[in-house]
Amino acid sequence: MTDVTETAAAGTTDWRAWQDSWDRQQEWYMPDREERFRVMLDMVEAFAGPTPRVLDLACGTGSITDRLLTRLPGATSVGVDLDPALLAIARGTFADDERVTFVTADLKDPQWTRALPHDSYDAVLTATALHWLHAEPLTALYGRLAPLVRDGGVFMNADHMIDESTPRINAAERALRHARMDRAKEAGAVDWADWWDLAAKDPALAGPTARRFEIYGEHADGDTPSVSWHAQALRTAGFAEARAVWSSPSDAMVLAVR
Ligand SMILES: C[S@@+](CC[C@H](N)C(=O)[O-])C[C@H]1O[C@@H](n2cnc3c(N)ncnc32)[C@H](O)[C@@H]1O
């Protein structure tokens, strides 16, 4: 695997190396990240077959799109995000792939769907992103997403979803997870802050990285409501059915059918 520090120092940017580096950083927080992607794509295939049109919502570097096209080569994907650095990695990676389009938009903007190239999708997919929004803008976002999903199509959100009614379970799980993360960090794991320091050193990412800090600061503030909150909000937004199709002790994936 190419080391991003080497390619940055050499003045050549290896987009696939940045994808791998992003994956390792995200996996430090979520060792089961690939498992949730696998279940997500199982359910896309179940509802939309082998050639779905997908919206990769808050796509970052396009990790969901990447797994989608490996699993279902006949799929097409539109990735939407606001972060110029992560979008630069996404656009660099998929530059020659006609199945993929990227759009810059703020999901809190009431008009954001106007930037999309299509008005209907078989599946809208998102992971580790909507906890950057507070409950009120997230409810509004769900209201704008429902009309984008075709009848019988699906929305899936894999994210931190906290059940406040189980504080002892939450605390025990968190303590174990953080102890593991601390050990991995001592062994050299790259966390969020370290990763952005690396990005700022790559000449191709320095400018977009500075801009993303102007937009978000370190990280936007948001909420982590429970599975039942998400399922209820999605039904209110116009989805016919909604429930968890995957969960871990800290995270879950809610699927809603239009
Ligand atoms: C932790 S990353 C996850 C990216 C990707 N889904 C993945 O699993 O690797 C969270 C993403 O949400 C995006 N995001 C957060 N708030 C957003 C907003 N208001 N509009 C667009 N994108 C947003 C961020 O820019 C970032 O790319």
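The values are calculated or read from the model by the stated rules, or taken from the named source; none is laboratory data. This one's a predicted model, so the numbers in the text were calculated from it and none came from an experiment. Ideal geometry is used to build each Cβ from the backbone, glycine not excepted, and the neighbour counts take in all protein chains shown. Heavy atoms of the whole protein, side chains included, go into the accessibility calculation; ligands, DNA and RNA do not. Shrake-Rupley method; radii C 1.70, N 1.55, O 1.52, S 1.80 Å.
Exactly one residue out of Leu125, Leu116, Leu82, Leu107 is within 9 Å of the ligand (Cβ to nearest atom), open to solvent by 10 Å² or more (accessible area, probe 1.4 Å) and within 18 Å of Leu148 (Cα to Cα), and it is Leu107. Looking only at region 8-29, decide whether some residue is at pLDDT below 95, surrounded by fewer than 14 Cβ atoms within 10 Å (Cβ to Cβ), not basic (Lys, Arg) and not in a helix (DSSP H, G or I). Yes. Of all residues being farther than 21 Å from His118 by Cβ and more than 9 Å from the ligand (Cβ to nearest atom) in region 86-95, which is least open to solvent (accessible area, probe 1.4 Å)? Just the residue, please. Restricting to residues being farther than 21 Å from His118 by Cβ and more than 9 Å from the ligand (Cβ to nearest atom), the top hit is Ile89. Within region 128-143, track down each residue that is of a type outside the set (Gly, Ala, Ser) and within 9 Å of the ligand (Cβ to nearest atom). Correct list: Thr128, Leu130, His131, Trp132, Leu133, Pro137, Leu141. Tell me which residues, restricted to region 48-79, are open to solvent by less than 10 Å² (accessible area, probe 1.4 Å), more than 10 Å from the ligand (Cβ to nearest atom) and small (Gly, Ala, Ser). Once the filter is applied, which keeps residues that are open to solvent by less than 10 Å² (accessible area, probe 1.4 Å), more than 10 Å from the ligand (Cβ to nearest atom) and small (Gly, Ala, Ser), region 48-79 yields Ala75, Ser77.
Okay, residues lined up against (1) in a helix (DSSP H, G or I); (2) touching a residue at least 24 places away in the same chain (Cβ under 8 Å); (3) touching a Ser or Thr at 6+ places or on another chain (Cβ under 8 Å); (4) open to solvent by less than 40 Å² (accessible area, probe 1.4 Å):
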residue	(1), (2), (3), (4)
Asp151	no, yes, no, no
Ala172	yes, no, no, no
Ala175	yes, no, no, no
Gly188	no, no, no, no
Asp197	yes, no, no, no
Glu214	yes, no, no, no
Glu218	no, yes, no, no
Ala252	no, yes, no, yes
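Within the bounds of region 121-128, is there any residue that is without any contact (Cβ under 8 Å) to a residue 40 or more places away in the chain and farther than 12 Å from Val54 by Cβ? The answer is no, given that none of the residues of region 121-128 is without any contact (Cβ under 8 Å) to a residue 40 or more places away in the chain and farther than 12 Å from Val54 by Cβ.
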